[in-house]
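The values are calculated or read from the model by the stated rules, or taken from the named source; none is laboratory data. This is a predicted model, so every value here is computed, not measured. Glycine also receives a Cβ, built like all others from the backbone with ideal geometry; neighbour counts cover every protein chain displayed.
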Amino acid sequence: MLEGQMEVTVDELRGLVSERAIQGETMLLNMGPQHPSTHGVLRLILELDGETIVNLVPDIGFLHTGIEKNMEAMTYEKALVMTDRMDYLNNLGSNLCYCLAVEKLVELDVPPRAQVVRVLLTELTRIASHLLWLGTHALDLAAMSVFLYTWREREILMDIFEMCSGQRMMTSYFRPGGLWRDIPQGFEGAVKQFLELFPERIREYESLLTENPIYIERTKGIGVISTEEALEIGLTGPILRATGLPFDMRKAQPYSSYEQFDFEVPIATNGDTYDRYIVRMEEMRQSLNIVRQALDRLPEGPFRSNNRKFVPPPRSELGHSMEAVIHHFKLWTEGFLAPKGAVYVPVESPRGVLGCYLVGDGGPKPRRVHFHAPSFANLQALPMLSRGHLVADVIAIISSLDPILGDSDR
Amino acid sequence: MTEAETTLVALQQALEERFLDSVEFRDQLTAVLQPEAVVEACQFLKRRDFDLLIALTAADHWPEEPRFEMVYQLFSVKLNALIGLSVSLEGDEPKVPSIESVYPSANWHEREVFDMFGIDFPGHSDLRRILMPHDWEGHPLRKNYPLGYEEVQFSFNFDDIDRRKKYAKD
C-alpha cells in the first residue's frame with residue numbers, strides 16, 4: 001500500500017529511515033526543496049512520530065552548477081569569477097580564499113595596501129552575511145521586523161561593494177596579486193558613515209531579540225551540541241565557537257595581514273541555537289572593530305603586484321609600451337603558468353572554515369580546484385542536531401546553521 | 001621542528017614501509033601513503049589531536065597513471081597544525097578504505113568524491129550520490145568527462161581537447 005503512494009521505492013528509503021517508517025508506523029514528510037525556511041533549495045525527508053523528529057535525511061545538490069569542473073577549463077584569473085557564484089553571501093571571502101591559493105601556488109606577493117583593503121572588505125562581507133542570516137533567522141521564528149531592519153543596513157554595505165567593484169554581489173574584486181582597481185573616491189567616507197551608524201543598529205536588533213521571551217523559548221536548549229561532537233562531525237565557525245572553543249582561522253593561521261589586527265574571538269558555552277545567535281552578534285561587533293582599524297591604518301602604495309608575469313599592466317601603459325601590450329596579450333589569452341604542485345588554503349568564512357585545494361600542473365589552467373565548503377560540512381550535522389526535537393524546532397536549527405546552498409552544492 | 005614535522009616522523013615510524021614519502025611544498029607537509037594504510041594513519045593522527053577533517057577530496061591525473069589521487073587535510077586545533085595525506089590510486093575503478101569510522105564527518109565528503117570521481121569506499125555506511133541526481137550516468141569531475149559545451153580547438157591544443165571529445169567523433 002505504501003509503495004503506491006510514494007514517488008520513490010521503499011528500497012531506496014531502506015537504511016535511511018527506520019524500520020518503523022517502512023511499516024508505516026511513523027510518518028515520512030517531505031520538506032523542500034521549495035520551502036522558505038530551508039534557506040534555499042535544501043530538501044529534507046523528515047521521519048515523524050507525531051510531531052517529534054525520529055530521523056531526518058537531508059538531500060542536497062539542487063543548486064549544483066559544476067563550478068569546480070568549470071574552473072578546470074578556465075585560466076587561473078578567469079576562473080575567479082566562479083568563486084563569486086559559489087557562496088553568494090560571502091563573495092569577497094570566496095574571492096579571497098581562491099586568490100590566496102593562487103598566490104601561494106605561484107608565489108606571488110601582495111602589496112600591503114591590497115592586503116588591508118582585502119581584510120576591510122572581507123569583514124564588511126561578514127557583517128552583510130550575518131545581517132542576512134539574522135534577518136532570515138528571525139523571520140523563520142516569526143519576528144518579521146528584524147528582517148526589515150537588517151535588510152536596510154545590508155543595503156548600505158551592498159552600495160559599498162558596488163562602489164568598489166561595480167557589482168553588488170558578483171564582485172570579483174580581489175584578483176591574484178591584489179585588487180582589480182584601487183578603492184574609489186568616497187569609499188572611506190562611506191565606510192566611516194557605516195561605522196558610526198552601525199553600533200547603534202546592533203543594539204536595536206538585540207533589543208528586539210536577546211530578551212524576547214518568544215525568541216528565547218524557541219531557541220534556548222534547541223539543537224545542543226558539545227565541542228567534541230562538533231569536531232567529530234566537522235562543524236566549524238560560529239557553531240563550533242558557540243560550544244565554547246575559541247577556534248578561528250583568522251587567529252589560528254592568520255592570512256592577508258590578519259595578524260596585525262586586534263580582535264577577539266567571541267564564544268558562548270551552551271552550544272544551542274541561542275548561543276549561536278549571541279556569537280554571531282558579537283562577531284559583527286568584532287568585524288566592525290577590524291574595519292575601523294583597517295581604515296585607520298590603510299597604507300598608501302600600489303594596489304596590486306607589479307609582477308607583470310602574473311598581473312596585467314595598467315590600461316595607461318598599453319598606449320606607449322610594447323612590453324605592456326605583450327604582457328596584456330599573453331595574460332588575457334594564454335594566462336600565466338603555475339608550477340606542478342598542490343596547495344591547501346583554509347580561511348574563515350562567515351560560516352566556518354572555507355578551504356581551497358588547488359592543484360597546478362605546469363599549465364595555464366588549474367588541474368583541480370576544490371572548495372571545502374563550510375555549509376556542506378555544517379549541514380551534515382543537521383540530523384544529529386534535530387533528532388528528538390519538534391518540527392518547528394527544525395526550522396530554528398536549520399537557520400542557526402546558516403546554510404547557503406550555493407556554497408554547499410557548488 | 002614544527003608540530004606537523006614531528007607528527008609526520010612519528011607516523012612514518014608507525015607505518016614503516018606503507019609510508020611512501022613526505023612532500024613539502026610551499027611550507028605544507030603531505031604524507032604519501034599506500035591506500036591500505038589510510039585508516040591506520042587517520043587513527044594515529046586522531047590520537048595525536050588532529051581532530052578536525054577540513055578537506056577530503058580527489059584529483060584526476062588522467063591520462064597519467066596512477067590516475068587518481070585522494071587527498072585528506074587534517075587539522076589540529078590544539079597544536080594549530082595542518083597535515084595532508086595523499087594516496088595514489090590506479091586504474092579506472094579505484095578503491096580506498098573509508099575513514100568514516102575514524103572521522104564521522106568524512107561521510108558526506110566521501111559521498112561527494114564517489115559522486116564526482118567514481119571512487120569506491122569499502123566500509124562506508126551509505127555510499128550514494130550526493131550532488132548529482134541519483135540516476136545520473138558518469139562521474140563529472142573525471143577528466144575524460146565532457147564539459148557540456150563545445151570547446152574550440154586551436155592548433156596548439158587540438159590533440160589535448162580531441163582526446164576527451166569522444167562524443168563528437170561518434
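Checking residue A:61 against (1) at pLDDT 90 or above; (2) in a loop (DSSP other than H, G, I, E, B); (3) within 12 Å of chain B (Cβ to nearest Cβ), which single condition isn't satisfied?
It is condition (1) that residue A:61 fails.
Mind checking which residues of region A:393-410 are polar (S, T, N, Q) and away from chain B (no Cβ under 14 Å)?
Filtering region A:393-410 for residues polar (S, T, N, Q) gives A:399-400, A:408.
Result: A:399, A:400.
Might you check whether a residue that is surrounded by fewer than 22 Cβ atoms within 10 Å (Cβ to Cβ), facing chain A (nearest Cβ under 10 Å) and not aliphatic (A, V, I, L, M) occurs anywhere in region B:6-16?
No: zero hits.
Quick one: how many residues across region B:88-101 are within 13 Å of chain A (Cβ to nearest Cβ), out of contact with any Asp or Glu (no Cβ under 7 Å at 6 or more places or on another chain) and crowded, with 19+ Cβ neighbours inside 10 Å? Step through it out loud before you land on a result.
Pass one, region B:88-101, residues within 13 Å of chain A (Cβ to nearest Cβ): B:88, B:99-101.
So of that shortlist, the ones also out of contact with any Asp or Glu (no Cβ under 7 Å at 6 or more places or on another chain) come out as B:99, B:101.
Checking the rest, the ones that are also crowded, with 19+ Cβ neighbours inside 10 Å come to B:99.
Of the residues in that region, 1 qualify.
Only helices (runs of 4 or more DSSP H) wholly contained in region A:84-174 count here; list those with 2 or more residues that are under 13 Å from the mean Cα position of the chain (by Cα).
Details: elements: A:91-106, A:112-140, A:144-165.
Because the criterion is at least 2 residues that are under 13 Å from the mean Cα position of the chain (by Cα), the helices (runs of 4 or more DSSP H) in region A:84-174 that meet it are A:91-106, A:112-140.
Test residue A:218 against the stated conditions and say whether it is under 19 Å from residue A:273 (Cβ atoms) and either of a type in the set (Lys, Arg) or in contact with a helix residue (DSSP H, G or I) (Cβ under 9 Å, 6 or more places away or on another chain) (or both).
On the way: under 19 Å from residue A:273 (Cβ atoms): yes; either of a type in the set (Lys, Arg) or in contact with a helix residue (DSSP H, G or I) (Cβ under 9 Å, 6 or more places away or on another chain) (or both): yes.
Yes: the conditions hold for residue A:218.
Please go through region B:29-44 and give me each residue that is within 14 Å of another protein chain (Cβ to nearest Cβ) and either crowded, with 24+ Cβ neighbours inside 10 Å or of a type in the set (Asp, Glu) (or both), ordered by number.
B:31
Using the structure shown, decide if residue A:29 is away from chain B (no Cβ under 14 Å) and crowded, with 20+ Cβ neighbours inside 10 Å.
On the way: away from chain B (no Cβ under 14 Å): yes; crowded, with 20+ Cβ neighbours inside 10 Å: no.
No: the conditions fail for residue A:29.
Can you spot a residue in region B:55-64 that is closer than 20 Å to residue A:230 by Cα and within 10 Å of chain A (Cβ to nearest Cβ)?
Of all residues in region B:55-64, those closer than 20 Å to residue A:230 by Cα come to B:55-56.
Adding the requirement that they be within 10 Å of chain A (Cβ to nearest Cβ) leaves B:55-56.
Yes, region B:55-64 contains a residue that is closer than 20 Å to residue A:230 by Cα and within 10 Å of chain A (Cβ to nearest Cβ).
Identify the single condition in (1) part of a helix (DSSP H, G or I); (2) acidic (Asp, Glu); (3) surrounded by fewer than 18 Cβ atoms within 10 Å (Cβ to Cβ) that residue A:264 does not satisfy, given that it satisfies every other one.
Against the list (1) part of a helix (DSSP H, G or I); (2) acidic (Asp, Glu); (3) surrounded by fewer than 18 Cβ atoms within 10 Å (Cβ to Cβ), residue A:264 comes up short only on (1).
Quick test for you: out of A:275, A:262, pick the one residue that is more than 14 Å from chain B (Cβ to nearest Cβ), farther than 20 Å from residue A:129 by Cβ and without any contact (Cβ under 8 Å) to a residue 60 or more places away in the chain.
Numbers: A:275 fails: farther than 20 Å from residue A:129 by Cβ.
Among A:275, A:262, only A:262 is more than 14 Å from chain B (Cβ to nearest Cβ), farther than 20 Å from residue A:129 by Cβ and without any contact (Cβ under 8 Å) to a residue 60 or more places away in the chain.
Based on this model, can you work out whether residue B:126 counts as in a loop (DSSP other than H, G, I, E, B), in contact with a Leu (Cβ under 8 Å, 6 or more places away or on another chain) and farther than 19 Å from residue B:40 by Cβ?
Values: in a loop (DSSP other than H, G, I, E, B): yes; in contact with a Leu (Cβ under 8 Å, 6 or more places away or on another chain): yes; farther than 19 Å from residue B:40 by Cβ: yes.
Yes, satisfied.
Filter region A:67-100 down to the residues that are surrounded by fewer than 24 Cβ atoms within 10 Å (Cβ to Cβ), within 13 Å of another protein chain (Cβ to nearest Cβ) and in contact (Cβ under 8 Å) with a residue 24 or more places away in the chain and list them by number.
A:67, A:68, A:72, A:73, A:74, A:75, A:100
Tell me which residues, restricted to region A:216-256, are more than 12 Å from chain B (Cβ to nearest Cβ) and without any contact (Cβ under 8 Å) to a residue 12 or more places away in the chain.
The one that is more than 12 Å from chain B (Cβ to nearest Cβ) and without any contact (Cβ under 8 Å) to a residue 12 or more places away in the chain: A:217.
Kindly provide the set of residues from region B:127-145 that are within 10 Å of chain A (Cβ to nearest Cβ), modelled with pLDDT under 85 and surrounded by 13 or more Cβ atoms within 10 Å (Cβ to Cβ), ordered by number.
The answer is B:145, and nothing else.
Which of the residues spanning region A:165-183 are within 23 Å of residue A:307 (Cα to Cα) and not hydroxyl-bearing (Ser, Thr, Tyr)?
A:174, A:175, A:176, A:177, A:178, A:179, A:180, A:181, A:182, A:183
Could you check, for region A:184-195, whether at least one of its residues is at pLDDT 90 or above, closer than 21 Å to residue A:99 by Cβ and in a loop (DSSP other than H, G, I, E, B)?
Yes, that holds for at least one residue.
Considering A:338, A:342, A:377, which residue is more than 10 Å from chain B (Cβ to nearest Cβ), in contact with a Gly (Cβ under 8 Å, 6 or more places away or on another chain), crowded, with 18+ Cβ neighbours inside 10 Å and under 27 Å from residue B:83 (Cα atoms)? Walk me through it before giving the result.
Values: A:342 fails: more than 10 Å from chain B (Cβ to nearest Cβ); A:377 fails: more than 10 Å from chain B (Cβ to nearest Cβ).
Residue meeting the stated conditions: A:338.
Kindly indicate which of B:75, B:154, B:158 is free of Cβ contacts under 8 Å to residues at least 60 places away in the same chain and surrounded by 14 or more Cβ atoms within 10 Å (Cβ to Cβ).
Numbers: B:154 fails: surrounded by 14 or more Cβ atoms within 10 Å (Cβ to Cβ); B:158 fails: surrounded by 14 or more Cβ atoms within 10 Å (Cβ to Cβ).
Matching residue, one of B:75, B:154, B:158: B:75.
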